[in-house]
Structures are given as C-alpha cells and as structure tokens.
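Working notes for the structure below.
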Amino acid sequence: MAEPSCRVVRHGTTLMSPVPSSIESGVPPRDPIARLAAIRHEFGEHGGVNLSIETSSTFTVLEAGRLPDIFQGRSGPRGGCFLYGRHFNPTVMALSRQLAALEATDHATCTSSGMAAISAAILSCCTTGDHIVAASTLYGGTWALLHEFLSQKAGIETTFVDIADPDAVERAFTPRTRLLYTESIANPTLRVANLPSLATIAHDRGARFIVDNTFSPCIISPRLHGADVVIHSLTKFINGASDIVAGCICADGPFIDGMYDLHVGTLMLLGPTMDPRAAYEVATRLPSLGLRIREHSRRALSFAQRLEQLGARVVYPGLPSHPDHALLERLANPDYGAGGMLTVDIGSADRASRFMEHLQNAEDFGYMAVSLGFSETLMSASAASTSSEMDDESLAKAGISRGLVRISAGYTGRLEDRLDQLERGYRAACG
Ligand code: PLP
C-alpha cells in the first residue's frame, strides 16, 4: 500500500465510492432502505458504533506539495485527503453516501437547507439566457426563486405548466430550455408527477430533469423513473425531528464533481455548506426513516378516510378518489404507503382558522406550524403561509384555495383518539 500523503485515511476507505449497486452497474435493490443497508456502515473514529463528527474546518497534509494537488483536483477525498470544510468534510460526506444510496444515485452532496440545494442545482444547469420549464405547483420558495429571483438576477426565465398535461409541457420547451423541474408529490396540491413521461420529454430535448422528492422519501425513487437530479429538504421527513434545516442533492458523479469545481462550481463558490454537526444528527435519524414513513403514511390514510366519510373535500394520493392514485401505485416502492401529507378544503379562510385552532387549542391534536415530517401533526393554511409567495392568479391556477389546510400527519398518541379529535375539529369548523 502506498504511503499516505495525508494524516488520515480512516479505515482505509474511499469516502466517495459509489453505492454498491449503482444503476449503471446492474440492478439496484428496488427498496430504498435495502440500498441504504447495503452500504458499508460508517463507524466512529475509535470503532464506535456511531459516525464521528469531524468538526475541523481545515485539514493538514504531510508534504507541502500535496496542497496544490488537492486544489487542482488531482488528489482529494477520494484518496482520503481533506482540505477545507467548505469543500469536503468526512462526516458530511458519510451522510451524502447514505443519501445517494437512498435515492439510487452514484453520488450526493449535502447543503445547509433545501433551498440551498435547489438554487445550487438549478444554477449548475442554467446560465444567463437559459430557460426552465417548471410545474405550476411548487413549494412557494422554489416558485419565487424561479418566478422572480432567477429571472431578475440572472436572466434565467421559467415557464410554469400543468405537468399533468404532457402536451403543455412539450409546448413550453424552447431551444434554450435546459431544465425540467418538478416535485414528485406537489406542495401543497399533492398531485403526483408522471416521472417517466416527464423524463422522456426532457431528455428528448436535451434538458436535465430535476425532481424535488421532499414529500416522498422511500415512497418514490425518482432516479429509477428517469430523474437526473433528486433534491430533498432534509428539514422535513428525512431528519424528522423539526430541529435541523438542511438539504441534499443526489445525482451522478460528474454532476456533483462539477458543483465542486474551483472556478465555476456552485457548491464551491456560493458556499451552501452543511455543518458536520447537522450531518451527524441527520445520519443518526436515517436508520428509522423507513419505519417513520410507514407510520406517517398509515396515519395520513386513516385521517383522510375519516375526513372523506364526513363528506370533507380531502385530498390524499392514497385514496382511490385522488386523480393520481393509480399513477402513484405504479411509481411507488411497495410498503411505504402514500406519504404523510394530506389536505382538506374547509371552504374559507375563516373556517380553516377555526378548524386548526380547535384542533390545536381544544383537542391537542396537532400544532399550527409550517413545515412537515415531524412526529407531531402540523397544520397550516397554504395560501396564507408556505404558498403566500404566489399571486392570486397563480394560486387559483394551481388549485390552492384560501380554505385549504395542509396536514402533515404525525405519529404520536393513539390513532383512534386522533381520529375522534379530527372529527370533532371538522364538525366545530363546519357544523
Ligand atoms: N422543497 C419543498 C417541497 C419544501 O416544502 C420546502 C420547504 O418547505 C423546501 C423545498 C425548502 O426547504 P428548506 O426549508 O429546508 O430550505
């Protein structure tokens, strides 16, 4: 074995090795949790069962000549050499490997927030004068980034389309379109994107296909349906404790490597770096992700069924009444359900407020708060909160009414008690 040129080569491993069953090399395990389990366990520095937190922002080398080598990309984390925390950190990279396995991509990188992941990935694909086709229903922050920020600051224009209409998607492409962008399950309308068909449209026109999979980790594996880049806000289901803001970008090696380029790389130059302490926390919660998602889904389905029995206008992709129910059954990995998110249209902003206030203050059913994927149930009126960046016309087009309440189903308490609370809340608002 060659003499190490850096101080540390932990366990002699290459930290950026591809997941064992990468898509290119054959048949990856279909199940995301099986893929996660198939990669090497990341032990702590002294053989601890948990990953170590490497807190250093800078790393030493044994020979002065090694630094330019790392700077020029001739040597680096693949050989166990680290340089500076904004570039690479062993703890963050260990989490990235796990997320790459989860999403069946060769590589991944973690960021300080979901928005950091989204903006860095988009700017890696597009430059001034380029054009994006995007779903008309997206998280409000992403919508604002595409609608206003990128067009004003970078001259990158976006056309928003109903992605359930393939003809409209095709018509929206121009010779300058570099990117098709969607959420796999849309926030907050819960429409499911037909990923294979959208991937074909994008690839036939030489564009990249980016999918935000924040609402459906484990449930949908967008890479297996043609996505080039899969993004998560780790802040939500993947971390699951509502105590960390974080994100990730899962993609092939060249795409991620390009983001680290010293001269034009968006990760290198915009610096949306994840703190290693956050990486450690997220990594310790990843092993329970499959269990949590199953329970979120089971509870959300029960909530949706009870609301449907009450005659409510409830939207949940696991209900046969959902327009994309059959599509989700085709796309979804078995055994993780249809996700933890549902919406109910209570008819007006006032009624939506009464519904949420009763459920929080009289029943202790859940909390009025934005975000999702927490152990407790969270409720928000999307038009007045997480989609408030959208103008009235865009809200109407996307089907986001003022009475629409988004519910992220938690898993605390007895389900039977929660269902009774939910029913009382609905009757209090609508009775
Ligand atoms: N993507 C989706 C679907 C979201 O719902 C959100 C936030 O709510 C984000 C991205 C942004 O994530 P973050 O808040 O971690 O930046």
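Here are the numbers for the structure shown:
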read-out	value
Relative contact order (percent, whole number), region 290-430, Cα cutoff 8 Å, 6+ residue spacing	29 percent
Per-pair calculated FRET efficiency, R0 = 22 Å: Arg277 and Thr412 via Cβ, rounded to 0.05	0.25
Contour excess over end-to-end distance, with Cα ends at Arg285 and Leu319 and 0.36 nm allotted per residue	9.3 nm
Cβ-defined net charge surrounding His232, 9 Å radius [Lys, Arg +1; Asp, Glu -1]	-1
Long-range amide H partners of Thr177 with built H, under 5 Å	His131
Residue-count net charge about Ile156 - beta-carbon cut-off 14 Å; Lys, Arg +1, Asp, Glu -1	+1
Table column - 3J(HN,Hα) (Hz), region 181-189, Karplus curve with 6.51, -1.76, 1.60, x for Gly and Pro	10, 8, 9, 5, 10, 6, 8, x, 6
Virtual spin-label span in nm between Thr127 and Phe43, 7 Å along Cα→Cβ	4.7 nm
Per-residue [θ]222 nm for the chain (sum of -39500 (n - 2.57) over DSSP H runs n ≥ 4, rounded to 500)	-9500 deg cm²/dmol
Net length gained if the chain between Asp165 and His263 were fully extended (0.36 nm per residue, minus Cα distance)	31.4 nm
Inter-label distance for Ser388 and Asp204, nm, one decimal - labels placed 7 Å from Cα along Cα-to-Cβ	4.2 nm
Spacing of the two label points (7 Å from each Cα toward its C-beta) at Ala34 and Thr174, in nm	4.5 nm
C-alpha center-to-center spacing [region 358-431, region 75-143] in angstrom	30 Å
Convex hull per residue volume in Å³, alpha carbons only, for the chain	140 Å³
Solvent exposure of the chain as accessible area per residue, Å², 1.4 Å probe	41 Å²
Computed E for Val370/Gln305 - FRET, C-beta separation, R0 22 angstrom, nearest 0.05	0.30
For region 65-218: span of alpha carbons on each principal axis (Å, largest first)	55, 35, 28
Carbon + sulfur, % of accessible area of region 89-287 - ligands and nucleic acids excluded, 1.4 Å	50 percent
At q = 0.16, 0.18 Å⁻¹, base-10 log of I(q)/I(0) for region 170-283 (Debye sum, equal scatterers on each alpha carbon)	-0.85, -1.03
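The values are calculated or read from the model by the stated rules, or taken from the named source; none is laboratory data. The structure displayed is predicted, hence computed values, not measured ones. Quick reminder, even Gly has a Cβ in these numbers, built from the backbone with ideal geometry, and neighbours come from all protein chains shown. Areas reflect the complete protein model, heavy atoms only, side chains present, ligands, DNA and RNA absent. Shrake-Rupley method; radii C 1.70, N 1.55, O 1.52, S 1.80 Å.
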